[in-house]
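> Can you read through this structure? Questions will come right after.
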Amino acid sequence: MSEIICPFCGAENPIEAVACFNCKKQLYDDVDPDASPPPRDEMEWLKDFRGFADDRSAGTIKATEADQSSETGETTTGDEESDVPEWLARIRALKEDETPAPAEEEPVEPEELPAYLGNEAELPDWIKEIKQGDVPQPLEEAGGDMPEWLKNMAGPDELPAAEDITPDLSMISPESGAEGGIQLPDIPYDLPGEEPAEVDLGQFTPLTDDTVDEAVDIPDDLFEAIASQPEPEQPPEPTSAESQDDLDWLDTDITQPEPTEIKEEQLTDSGDLPEWMFEPAETEADTVPEPGELDFTTLDASLAAIDGENMPAAQSEAALPDWLLEDEAENFANQAEFQSEGAPNLEVGEMPGWLHAMRPLEAAAPELASPMDENRVEPTGPLAGYQGLLPGEGVVTQYSRPPVYSARMQVTDKQRIYATLFETLIVDETRVGAPPAEKSTTPQLVLRMSVGLVLIGVILMALIFNPGLAASPTLVPPESVVFYDTLQNLTAAATPPRVLVGLDYEPSLSGELSTIAASVVEDWMAGNSGLAFVSLNLSGPALADDLVNKAGARVPAYLAAERVINLGYLPGGATALAALAADPTRAAPASVDGIQAWNSLLLQGMVAVSDFDAIVLLTDNTENTRAWIEQVKPAVGSTPLLVVSSAQAAPALQPYVQSGQISGMISGFTGGAAYEQLTQAQNGSIRSYWDAYQAGMLLIAAFMLLGSLGFGIMNIFRRTKKA
Amino acid sequence: MRAPLSTAIAIAAGGLTLIGLLIPADPLLSIRIRLVEWAVALAGVAGLVAILHLLSVHWRKLTARRNKNFNSAFLLIAFIITFITGILLKPSHPTMQKIVTHIQVPIEASLMGVLAISLTVAAIRLFQRRGGWMSVLFAISALVFLVIGSGFLSASANIPVLKDVLAAVIALPIAGARGILLGVALGSLTTGLRVLLGSDRPYSG
Amino acid sequence: MITLDGVLGLGVVFLAIGLIVILHMLGRDRDKPAFRKIAAFDALKNSIGLAVENGSRIHITLGKSSLTQSTNASALAGLSTLDRIAQISSISDKPPIATSGDGGLTLLSQDTLRSAYRSVHAPELYDPGRGRLAGITPMSYIAGTLHVTTHEEVSAHVMIGNFGPEIALVAEAADLAGAFSLAASDSLPAQAALYAVADNPVIGEELFAAPAYLGGSRSHSASLQAQDILRWGVIVVLVGGALLKAMGIL
Amino acid sequence: MAPDLLWTLIAFFLTILVLSYVLGDNALFRFIMMVFVGISAGYAAVLIYYQVLLPRLIIPLMTVPAPGKAVFIIPAVLGILLLFKLSPRLSALGNPSMALLTGVGAAVAVGGAVTGTLFGQISGAISPFDLAGVQGGGSWITQLLGGIVLLGGTVCSLAYFHFGARKKDDENTGSQPVLIQIPARIGQVFIAITLGALFAGVLSAALAALIERLAFLINVIKPLIS
């Protein structure tokens, strides 16, 4: 059972108590202590209900008026449907059908509104009623005592001029207001209670000079009208232009059902709303849009759109700003109070049983639990003396337990099966798997380190102890034999040969190539050959000098200064070679020392590459060798092209050897060792490295074999595991 | 079309050079030689410009507010010393020779030595990296040629069958190499022609 | 001096030009020709996407070939690939970085980056420092590229161009850094080394297909189709020539 | 200390520092790499100046008489334009120079590919079928068989690179017809064998370099020990 907590002493009182049993103070501000309290079962709920009606916007007034009529015995319309309040229709609907209509289940989603409007079948009862044309009817009936301005609003074609409307607004009587209110649909009945709060904000917005200036031109009589209003803080009503704009805005709402859009339209277009309504809305624009208020405007607009004959009502309602509707509602409240106070002897209207039965349901809704009397004056605190404030303590006293609804979802077996099926489908997706282990490079580093150390260790051992276990190669490739034969034939000739040596290896491979080339250059030197070095890489000239110095040291009789010329670096790669093939005297005019090479004793009389007896290429890369073959070989005709290549380039050069573009070739340490075998060199430079080389090669092969087997087997196991 | 002048220059210079290469007869030959000489000179200038750009990049790294890279300072110092020494002494001076033979050669040859170890590790991990029968063939081929390259089989060179088998095996890579070279030549042909047709314009920046 | 080789060569060149032009004209943008699947390029597309996602850098290295060398075709293909990658990854926080081992190639990589960003209407992304010379000699180029590998927060390395086998050091450094690596070279020794070291090696001629596989222009597809036609022409010449040679006619 | 010994010690320590990379990336290695890049760039700049610009541009411009000067003025102007590449704003001025460089380079690549590789390799592939001149005293059958194997391998390797495929749905990649798949598979075998052989060759060259470096270290240490 709910209790009332006294706002003054905090004591708990029974729900039916009017005054606190502890401090004897009134529990309700809006109850006149002098007036004899009406019986609880009649007045308490009515007071709440009235309060509810007060804070409802115009739509609610229909229900309020129905109650009032029950008090005054006044009938509103002859139509039975029309005097049945919407909430009653809802209760009936609830009884008929377990599943409530969406409109009552939750606040009307603005997005759904167009659907409502478009699909008549989905229209809520209240709209259907309107469509049946039972709304204008009271308008006609009430037409007798309808004020002039309201009569003028009979149809859209007879819209009164603004100046006709504005001054008359000040003369709105409760009755006329009631009549006006009757036309209003009870949409807000379904709206949350925040909506009136927003209206209050509008009312409390101070009317500063700026706002007055910004407002669309307000006639002087409007201020009189404001002065004649019961509350001084009541804002000025819109001018005719504004009311006209409101009508336009109603129309646009149909096309723009988005609540925020509607709100923005109202806010941004200062022509639509006066500044005083505009500003508070702005303050709320930042907050989440309140569907209640927006639905209200949108649905009004929908009314206007649904049926042409509803236009007058819609327009009259739309023409009246919210605060004015609020004002009408208050008038009803005041009137009811006045009647209860002024005529105590009057027989209190009987409360219908069905209405009494449904009351807790109403009380359950939070918005119903807070009766707000706009007339109440704040007695204490910093806001003392202000009227129409939200009564904090009043609200506290009105809390009641919310009803418990069954949350059981009724699903058919078929639906359950589908749900289970769906669950099984997404179960893998929802399961959080273990994160993939980050690839660790440590094993690789350890392997690299250990392999490196072992390899270096073995090579060092072989170099230091030089056991001579490795047998010199007896298999000599045919191209090496051709190389050897060509060299021997040329050096054996009567006139010492002049050889163009293309030094085309990088310092990185000088360890391999200078070692192999040294023995070859020695043999050329032994035949007193003239050597002209040319290089395609930047380090070439320096490497050439180094090679000549090394080889020359082993052939003391050879006069390197006279027989060797270093033509230096040929920039441009293949193009430089093409230029060399076309005209060597222009491509490499001078030596690295700046001497005019082609006037020197060695190269005297030479004008073409073909004048050389042989071209020897010391190379470590396939591409430059290809360039030599492509650019120079065609220009030298039958002059042999002999190649000393690195082991890395040899397989790629084999096609050129086979095609005969390369006359003879020595490749790698193996080829060098084979060549030394052919020349019968006793202390060849390769011989000193041979043990280390063979040991290293076999060790690498062993490592590779072990690694391949190990990882290969692991792969097979992994595959079988997967399978 | 972007950079029409540059495109015209590229197409004209390239076309003349190509025709001069294929039909080495005057005046095409002399035009080609001239164009190639200009290109070589420009390549040299481009090299210097790129080196200056390299220095500017490392200068920026050195003077950057965050993540300063002090190694860049050593790069700049090493460049300045070498460049000034070279300009003053000329490349043929023994000191410049020493810079190559005692600085460049040790560093580059040592890096090549490190490569031997890196490749060995890569060969060990080959099947860990990727399986497939192509990798198996690659590994077998590499093993066989490592053994052949080591000269280890030379001892048994007297066996006639082995000699013939080795000769045949050594010749096998020629086929694949030739196929790859021919394919690369076709690729080079079409890629070069795209530039000569003005379809690819990497110079239009 | 007019040689038979020269005339035949000229014929081959004009045939190739005709094929490229015709196939380019026949081709339609909507109906691009289908090519065989190359896993490495699919992986590259994924890694570019990942690099853009996680805000890491893509590194394209173009090799050491000079523009005046006959091996520069691979570098030109690399530049086309750089252009495509720069366009694709233009939305990335960290624009790609291009390194090379030749002066002319460095300047072309800068031009390519600039035009790529202009083509996607983001010229402000261009930074000349992103197209740089790693080193002027082949091994110093490797040394400079190693520096980029370890210092530039690179998650994907694309090596397309002419390299020596020493490029394997870069591929290994990339592997140790846990980065993606695609390697393509026209150099046979480099291909062999990269086959063992790189995550995604591209063999031989496939290098020249990179721009087309990365959604390049119609001319890239057309030149690939022309390559295929020329390939079968070469095969026919090989077989026919062998037969004629065996019969003693040639 | 004798300058030669100083240079030898420099080479010795540089070798050790670079080989330390075997134990993993380290600060000293990175330092040496940066110094190396700087030194090689400095050396290259000197060489470019003395062996390219001086003899091919500067000296001719100063020595060649007026009529022939024009030939050298053009590359000089283009070279000066190329210097604008250093400025991000004015770099477009260098485009014509780069265009000439690229055009000539492309022509060289095309010419080399056609006359050098295409014709060279085709003639190389069919040369074993010249049964009239059987080389090396071998039987013509052996040579023919060898030629057929190599030709088949070359053809299949070429076929492996065929890019065209059947279009599947809207995808730009598809499967190849069986007529191409079979030779392509055989080609893969030959390519794998070739790459394996090349890998062994690269390993062999790298090992030779390592051996030479270690031998150098021993040669430096030996006299110090003894």
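The values are calculated or read from the model by the stated rules, or taken from the named source; none is laboratory data. Only a predicted model underlies this, so the values are computations on that prediction, with no experimental measurement involved. Neighbour counts are summed over all protein chains in view; Cβ atoms, including those assigned to glycine, are modelled from backbone coordinates with ideal geometry. What goes into the accessible areas is simple: the full protein's heavy atoms, side chains included, and nothing from ligands, DNA or RNA. Shrake-Rupley method; radii C 1.70, N 1.55, O 1.52, S 1.80 Å.
> Take the solvent-accessible surface of the protein heavy atoms, probe 1.4 Å, and return the percent of it on chain B that carbon and sulfur atoms account for. Could the numbers behind the result be given before it?
On the way: 5170 of 7200 Å².
Carbon and sulfur together cover 72 percent of it.
> Considering only the other residues whose Cβ falls under 15 Å of the Cβ of C:Thr3, what net charge follows from Lys and Arg at +1 and Asp and Glu at -1? All intermediate terms of the calculation are to be shown ahead of the outcome.
Values: positive: A:Lys633, B:Arg32; negative: A:Glu630, B:Asp26, C:Asp5.
That works out to -1.
> Chains A and D: buried accessible surface, both sides, probe 1.4 Å, rounded to 100 Å²? Don't skip to the end; give the middle numbers.
Details: alone 37070 and 17010 Å², together 50560 Å².
Roughly 3500 Å².
> Accessible area per residue, 1.4 Å probe, Å², for segment D:135-226: what's the number? Before the final figure, lay out the partial values.
Values: 3970 Å² over 92 residues.
It amounts to 43 Å² per residue over segment D:135-226.
> How shielded is A:593-605 by partner chains, expressed as the average number of their Cβ atoms within 10 Å of its Cβ atoms? Write out the running numbers ahead of the final one.
Numbers: counts 3, 5, 0, 0, 0, 0, 0, 0, 0, 0, 0, 0, 0.
For peptide A:593-605, the averaged partner shielding equals 1.
> Would you mind checking which residues have amide H under 5 Å from C:Asp199's amide H? H placed 1.01 Å from N; only 5 or more apart, or other chain.
Answer set, sorted by chain and number: C:Ser181.
> Right, here's the next one. Starting at the first residue of segment C:184-200, write each ³J(HN,Hα) from the Karplus equation 6.51 cos²θ - 1.76 cosθ + 1.60 with θ = phi - 60°, in whole Hz, x for Gly and Pro.
9, 8, 8, 8, 5, x, 5, 4, 4, 5, 6, 4, 7, 9, 6, 5, 10
> Per-residue counts of other Cβ atoms within 10 Å, averaged by peptide: what ranking do you get for A:613-619, A:676-682, C:103-109, highest first? The partial results should precede the final answer.
On the way: A:613-619: 24.1, A:676-682: 15.3, C:103-109: 30.9.
Descending packing order for the listed peptides: C:103-109, A:613-619, A:676-682.
> Now a separate question. Using each residue's phi in segment C:65-71, evaluate 6.51 cos²θ - 1.76 cosθ + 1.60 at θ = phi - 60° and report the 3J(HN,Hα) Karplus result to the nearest Hz, with x for Gly and Pro.
Those phi angles translate into 6, 6, 5, 8, 9, 6, 8 Hz.
> Right, next: What is the set of long-range amide H partners of C:Gln69 at a cut-off below 5 Å, with H atoms built 1.01 Å from backbone N?
A:Ala574
> Could you order the peptides D:188-197, A:476-485, A:693-702, A:503-512 from most to least packed, using the average number of other C-beta atoms within 10 Å per residue? Walk me through the numbers on the way to the answer.
Values: D:188-197: 27.1, A:476-485: 19.4, A:693-702: 23.0, A:503-512: 29.3.
Ranking the peptides D:188-197, A:476-485, A:693-702, A:503-512 by packing returns A:503-512, D:188-197, A:693-702, A:476-485.
> Here's a follow-up. What distance in nm lies between label points placed 7 Å from Cα along the C-beta direction at D:Ser87 and D:Leu224?
Placing both labels 7 Å along Cα→Cβ, they lie 5.3 nm apart.
> Follow-up question, since we're still on this one. Name the residues whose placed amide hydrogens come within less than 5 Å of the amide hydrogen of A:Ser667, ignoring near sequence neighbours (fewer than 5 apart) on the same chain.
Those lying under 5 Å, H to H, from A:Ser667 are A:Ser645, A:Gly672.
> Provide a whole-number value for the mean count of partner chain Cβ atoms within 10 Å of the Cβ atoms in peptide C:10-21. Walk me through the numbers before you get to the answer.
Numbers: counts 8, 2, 9, 13, 1, 1, 8, 6, 0, 2, 6, 3.
Per residue, the average neighbour count from other chains is 5.
> As a quick test, which of the pairs B:Lys68/B:Lys90; B:Lys98/D:Lys222; C:Lys45/C:Lys94; C:Lys94/D:Lys85; B:Lys61/C:Lys45 have an alpha carbon distance above 26 angstrom in this structure?
Cα-Cα > 26 Å for B:Lys68/B:Lys90; B:Lys61/C:Lys45; rest within.
> Quick one: buried accessible area between D and B, total over both chains, 1.4 angstrom probe, nearest 100 Å²? Walk me through the numbers on the way to the answer.
On the way: alone 17010 and 15960 Å², together 24150 Å².
Between D and B, the summed buried area is about 8800 Å².
> Can you give me the Cα centroid spacing of segment C:147-191 and segment B:29-103 in angstrom?
Segment C:147-191 and segment B:29-103 have Cα centres separated by 24 Å.
> Here is a follow-up. To the nearest 0.05, how large is the calculated FRET efficiency for A:Ala702 and D:Asp25 if R₀ is 35 Å and r is the Cβ-Cβ distance? Write down the numbers at each step before the final one.
Values: r = 27 Å, r/R0 = 0.78.
FRET efficiency, A:Ala702 to D:Asp25: 0.80.
> Could you rank the peptides B:94-105, D:56-67, B:111-122 by their average count of other C-beta atoms within 10 Å per residue, with the highest value first? Kindly include the intermediate steps, with their values, before the conclusion.
Working: B:94-105: 21.2, D:56-67: 12.7, B:111-122: 27.3.
Ranked from most to least packed, the peptides come out as B:111-122, B:94-105, D:56-67.
> Considering only the other residues whose Cβ falls under 9 Å of the Cβ of B:Val184, what net charge follows from Lys and Arg at +1 and Asp and Glu at -1?
Details: positive: none; negative: C:Asp186, C:Glu205.
Within the 9 Å Cβ shell, the charges total -2.
> Per-residue mean of other chain beta-carbon atoms within 10 angstrom of the beta-carbon, peptide B:3-10?
Details: counts 7, 0, 3, 11, 4, 3, 10, 12.
Counting other chains' Cβ atoms within 10 Å and averaging over B:3-10 gives 6.
> What net charge is computed for the residues neighbouring A:Phe711, neighbours being all others with C-beta under 11 Å from the C-beta of A:Phe711, Lys and Arg scored +1, Asp and Glu -1? Walk me through the numbers before you get to the answer.
Details: positive: A:Arg718, B:Arg125, B:Arg129, B:Arg130; negative: none.
For residues surrounding A:Phe711, the net value is +4.
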